[in-house]
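*Asks:* Mind having a look at this structure? Questions to follow.
The values are calculated or read from the model by the stated rules, or taken from the named source; none is laboratory data. Since we're looking at a predicted model, the values are computed, not measured. Positions of Cβ are backbone-derived with ideal geometry, glycine not excepted, and every protein chain shown enters the neighbour counts.
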Amino acid sequence: MRILLIEDEERIAGFVQRGLAESGYSVEWAATGSNGMEAVQQVDFDLIILDLMLPDADGLELLEKIRARPISPPILILSAKGRLEDRVRGLELGADDYLTKPFAFAELLARVRALLRRGSALPDRLNAADLTLDCVRRKVTRDGRTIDLAPKEFSILEMLLRNQGRPLTRTAIVEHVWDAEYDGLTNIVDVYIRHLRAKIDEGAELKLIRTVRGVGYMLDTTNGVELEA
């Protein structure tokens, strides 16, 4: 899931960005309204978190511009403007939710998850053989056994499950999970896949995570050998 954070306060932006990243989300930060609008025009985000008091733009005007686009994601306003009329105005202009500063990150995360569930037709529970991934509770089980995953491991497994039976390149995995360009040198995907296999497949008769040589990885329930590119 890709989130755009439009927030001019670096301290708040860093706090939110770190917290969401640790929860498995890919977050892009824009410190100005113009940079935020440029990002919206270039990338299809799953959610936008929008501050109203930006150095170069009125947040409500930016909200209207985003809402005027043919396709726009859910928008969560995050603002120090906490008066009732401010909240009502923001919601009337198209915001899906409104959270005032200061705020608890746990509440922000709960609202983010609720908006992503509301704005997505994707299933909340994914299955492959005896493996189950609960996207809402962020819980993974296999054959009834609970498996603890780090946030990045969870994101990779979710991506594999949503693309079950389809090979995914290392480039696609890095860009989706780390929101970064794959430089052709890093083995970070291979490292995380090894960790996932140790937790998901070790000791199981059916191996779910497969290597597609020359391409990347895929999740498959046929228990076949490694595939050639």
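*Asks:* Of these, Leu161, Leu168, Leu196, Leu149, which one is modelled with pLDDT of 95 or more, under 28 Å from Ile3 (Cβ atoms) and under 22 Å from the mean Cα position of the chain (by Cα)?
*Replies:* Answer to the check: Leu196.
*Asks:* Hey, does region 61-75 have a residue that's small (Gly, Ala, Ser) and at pLDDT 90 or above?
*Replies:* No, that holds for no residue.
*Asks:* What are the pairs with Cβ atoms under 8 angstrom where one residue, in region 190-203, is outside the structural domain of Lys139 (by TED's automatic domain parsing) and the other, located anywhere, is buried (at least 17 other Cβ atoms within 10 Å of the Cβ)? Sequence gap at least six, or different chains.
*Replies:* Pairs found: none.
*Asks:* If you go through region 99-120, how many residues are farther than 14 Å from Leu5 by Cα and outside any helix (DSSP H, G or I)?
*Replies:* 7
*Asks:* So Trp29 clears everything in (1) modelled with pLDDT under 90; (2) closer than 24 Å to Ala172 by Cα except one condition, right? Which one?
*Replies:* Just one mismatch for Trp29, condition (1).
*Asks:* Right, something else. Tell me, which residue of region 38-68 that is small (Gly, Ala, Ser) and not in a loop (DSSP other than H, G, I, E, B) is farthest from Asp86 (Cα to Cα)?
*Replies:* Residue satisfying both the conditions and the ranking: Ala39.
*Asks:* Okay, next question. Do we have Ser26 as of a type in the set (S, T, N, Q), crowded, with 16+ Cβ neighbours inside 10 Å and in the same structural domain as Thr100 (by TED's automatic domain parsing) here?
*Replies:* yes
*Asks:* Conditions first: (1) assigned to a helix (DSSP H, G or I); (2) at pLDDT below 90. Ala13 passes all but one, so which condition is the exception?
*Replies:* The one condition Ala13 does not meet is (2).
*Asks:* Which is surrounded by 19 or more Cβ atoms within 10 Å (Cβ to Cβ) and farther than 23 Å from Arg118 by Cβ, of Ala13, Ala31?
*Replies:* Ala13
*Asks:* Among the candidates Leu99, Leu93, Leu76, Leu115, single out the residue that is surrounded by 12 or more Cβ atoms within 10 Å (Cβ to Cβ) and in contact (Cβ under 8 Å) with a residue 40 or more places away in the chain.
*Replies:* None of the others qualify; the one that does is Leu115.
*Asks:* Here's something else I'd like to know. Return the only residue of Leu52, Leu5 being over 20 Å from the mean Cα position of the chain (by Cα) and closer than 25 Å to Ala106 by Cα.
*Replies:* Criteria check complete, one pass: Leu52.
*Asks:* Which of the residues spanning region 198-214 are more than 20 Å from Asn127 (Cβ to Cβ) and buried (at least 16 other Cβ atoms within 10 Å of the Cβ)?
*Replies:* If the condition is that a residue be more than 20 Å from Asn127 (Cβ to Cβ) and buried (at least 16 other Cβ atoms within 10 Å of the Cβ), then Thr211, Val212 are the ones that fit.
*Asks:* What number goes with the only condition from (1) over 22 Å from Pro102 (Cα atoms); (2) of a type in the set (D, E, K, R); (3) not in a loop (DSSP other than H, G, I, E, B) that Arg87 does not pass?
*Replies:* Arg87 satisfies all of (1) over 22 Å from Pro102 (Cα atoms); (2) of a type in the set (D, E, K, R); (3) not in a loop (DSSP other than H, G, I, E, B) except (1).
*Asks:* I would also like to ask the following. Select, from Leu126, Leu149, Leu161, the only residue that is among the aliphatic types (A, V, I, L, M), part of a strand (DSSP E or B) and in contact with a strand residue (DSSP E or B) (Cβ under 6 Å, 6 or more places away or on another chain).
*Replies:* Unique residue meeting the criteria: Leu126.
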